[in-house]
């Protein structure tokens, strides 16, 4: 009962893990809107019952792949084109992981092996997806690629750690490769900078609960949720947005352009009154 | 033969003048997508045969108004709600004019009476539209307002003159009022920063021909045209983008994030070789 | 006991009102660093004892002027060049006022006459200063002009009201005129976006106390104060920064690039715990 | 005959290679302004006659180090503190290298081993410098760290290749670590985004000649050169800028905020007329 916004389009969706994932919501909504696509994730994730069930429900082939492996990505594109019967019209990249975050290494005490992994998995994988797709000429003219990002790429959120740097790198790759894909293939590449979202990945970030509340009160429309993010990404995959490229698009209820909201300040002031002192002399 | 993207939505479209206008294209496409709306423009414009013809073709009531007049704007909202049978779901603001540009006054020799008019017509009119709509409670929950802008709000384009300052002011108003409308009414307000477009207004800008060529070669997807801009604006009026607000969204084929493109540089280098000298010693 | 950073330079300083003013601090420090300058303010301000005392202490002629009057500004430049014996090397613009703020008119209920005054006094006055200086050829090659701004030009701070729009306009004027002054006169024009500061003007902004505390805890270096702002402005007037132009420079202890700091979050969380509920379901 | 702007300050300067290097100019000027510092570069560079000569002229100890080696960086800080007799007040990071650029690998055909090296040398080395300095508590309160960057971090310049992504990562690291250093140590960290400069590194970038000319005509003040960049960096090391942190500061003659200049357009139009056709139909 969609509008057929993506009717006839073929896609690849990276990163659907469970029904909290934004990628999961995008798969569900893209299916409703008439798209056909493949799903890809790590081998472990692909064996999870719910991922299998999603793939069946969406009639989507499930293709295990390590997104840092060029060979695996070549296979993803090859199998996807075979399964879907043609070049790919849209790609979603929703991949991020930091061992420094997981292992509790602070930003001033990073393990550099972990940092390399953070960048490789969360950002360079996007270049690999794009380079593989480019060399195989696997993305159709007027195709659309979206990677999910976060505003930590522009401003520091304590606790987000080296993922902030990874997101900056990711957004830069979107611009750099967006230029080439646009010029040579009429393909657009954008990042969507989403509100903090309580996905499985998000829940690992230090102080996530307070952050969600703060972001929600700062945002005039409140935090955007995963369902809303899915809808927004569909517009970027549709033919209505053909000339939008190389952009980082905030989908965040307005958070990015608020310095301080009345609601957040009220909450903040309660803390101030409670403690009865101010940091400003 | 649209997708019914805007089915059942009621709108007000400011600024459709002729078939080169972006507002005109938006009217045509919104109609196809199932929206009903009113058209408004100055009294003179409303008497032009083609505007009348558009209004008939789109079954849209034509309401003359001076967008700098609060009384006229009140009338626009009142008549629109009557004609459409309810609150307004979307508003397009596509209004801009500079007497300094028209009269050939350079930026270092502005007439300050003209500057006041530029700001009043091109930017403050947007505040008036929003304030009138707010006081009349005329915009529905999850409604969407878009104003058209240009990247001269961020970077200087010689010849764009005081319109650059007007666009900065316009974008600021979108943020400032977007915060309030979001918090109180769940309404979103954004600006779309469009490629230079050869509209009737655009054709008055000094050196527009060279600029169009430069922008086109700089943009990996080429300049976005008025039809494409219309499609993009429709997504912002639709229910797929409910949490996007207070943003300035570039619809420009990538121009905004290109420092120098290969195509523009090639063209530039021809000039360099032809002249046989370089500005850098 | 300065370093003679501005030795031999001639300046004009707009907006010194009392020893809380940033302009006041700039006057004091510029004097220490070897500059000579005039002070200008409204007629009422120029009659205040402390302003007279500052002018005497800094050997600075006091020139009353309405900064929205072209004739008055012509007089400021003429008298300044006479008093200082040559063209002007630096200009500070520190002027802002909103009757909407003063009279408690909310942003969704602006008086448009007041809005015009806000823009005229707080932003267009800067264009007038620059246009008058340009036409009189009163600013020396490699001169430097700075206007004081605030981050509300980019992000909404509830309560800052129409001053946000004025600051956006101000920063746009700095870019637009900076382009021309750079190209034609080798003069640079920048804005300094300063931490919220408890000046006489600042103290009129709604909720200023909470905002100062919030900004201070958000900023890794704490809020920048007026003395520090003065020092920073001196570098922009000096010969060490000749190629910096058309920029908006944040002098804010890092506030502008922090999404959420640990210190602000701690304070915020106290409020959350105290109230015992969260805005996020 | 300096002003003693940096009198008594102790520094470490990374990346002085020859008299075209910005780091070289900074060393010369810092010395004139009363600073004492060490110089560090790769072992090969440290053996070059001119580097030795610079170190002698500036009374600066020369410390060979691989900036990607934590052990080497620990040694740099240890030896510098010994040689200079205390904690470090300022650090300059001017390091960048891409094997993909050198070997002519295009951005759509990157060697991922080379990419890792680009990021490690050009960006992660900055994190290592900061982390080592942090753990050793080697940077004084109110110290200042600057890394040199380029606007390719924000906008695509064809030919700049994976260095664009490295600069984005570098600027993100400056923000992320700037937050921590600010909060814990009252140390500021910024990047300076410099005009394209004909250094030894810069001369490797494809199409550098045309780019320099274009940037020069786009910038109202013309391109900033290495000497001017040195002066600007000195202000950031001085006590006049204590509250500026986490910023990316454009030192580019205005380039970053120009969309199109009259001078660049004139040159561009010559190419258009010469070819006699336009890309816009």
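Closest approach of a chain B Cβ to the axis relating B and D (residue, whole Å): B:271, 2. Per-residue ellipticity at 222 nm computed for chain A from its helices equals -13500 deg cm²/dmol, with DSSP H segments shorter than 4 residues left out and the rest contributing -39,500 (n - 2.57).
In terms of surrounding Cβ atoms within a 10 Å radius of their Cβ, B:155, B:102 rank from fewest to most as B:102, B:155.
What is the packing order of peptides A:6-15, D:159-168, taking the mean over residues of other C-beta atoms within 10 Å and listing the highest first?
Numbers: A:6-15: 22.5, D:159-168: 27.0.
Highest to lowest by the protection proxy: D:159-168, A:6-15.
Using the average count of surrounding beta-carbon atoms within 10 Å as a protection proxy, the listed peptides B:210-218, D:66-74, A:112-120 rank, highest first, as B:210-218, A:112-120, D:66-74. For the stretch C:1-150, the square roots a ≥ b ≥ c of the C-alpha gyration tensor eigenvalues yield an a/c of 1.5 or more together with a/b exceeding b/c, which makes the shape prolate.
With a 10 Å cut-off around each Cβ of C:90-99, the average count of Cβ atoms from other chains is 0.
Approximating the spin labels as points 7 Å out from Cα along Cα→Cβ, the residue C:200-to-residue C:108 distance works out to 3.4 nm. Starting from the label point of residue D:59 at 7 Å along Cα→Cβ, the same points in the other copies fall at 3.4, 8.1, 8.8 nm, in ascending order. Its relative contact order, with pairs defined as Cα atoms under 8 Å and 6+ residues apart, puts the stretch C:13-162 at 23 percent.
What FRET efficiency comes out for residue B:56 versus residue D:135 if R0 is 45 angstrom and r is the Cβ-Cβ distance? Round to the nearest 0.05. Present the calculation step by step, with values, prior to reporting the outcome.
On the way: r = 75 Å, r/R0 = 1.66.
The formula returns an efficiency of 0.05 here.
Structural descriptor for the stretch A:10-280: relative contact order 18 percent, calculated from alpha carbon pairs under 8 angstrom and at least 6 residues apart.
Inter-copy label distances at residue A:43, shortest first and taken from points set 7 Å along Cα to Cβ: 4.1, 7.8, 8.7 nm. Look at the alpha carbon pairs under 8 Å that are at least 6 residues apart: their mean separation over the length of the stretch D:132-281 gives a relative contact order of 27 percent. The label point for residue D:78 and the one for residue C:66, both projected 7 Å from the Cα toward the Cβ, are 7.1 nm apart.
Under the shape rule built on the C-alpha gyration tensor, where the axes satisfy a ≥ b ≥ c, chain A is prolate, since a/c reaches at least 1.5 and a/b is greater than b/c.
Starting from the label point of residue A:4 at 7 Å along Cα→Cβ, the same points in the other copies fall at 1.1, 8.1, 8.2 nm, in ascending order. Which of the three applies to the protein assembly as shown, rounded, prolate or oblate, going by the alpha-carbon gyration tensor with a ≥ b ≥ c and a/c under 1.5 meaning rounded? In terms of gyration-tensor shape, rounded.
Bear in mind that the values in this text are calculations on the coordinates, not laboratory data. Computed from a predicted structure; not experimentally measured. Neighbour counts run over all protein chains shown; Cβ positions are idealised from the backbone, glycine included.
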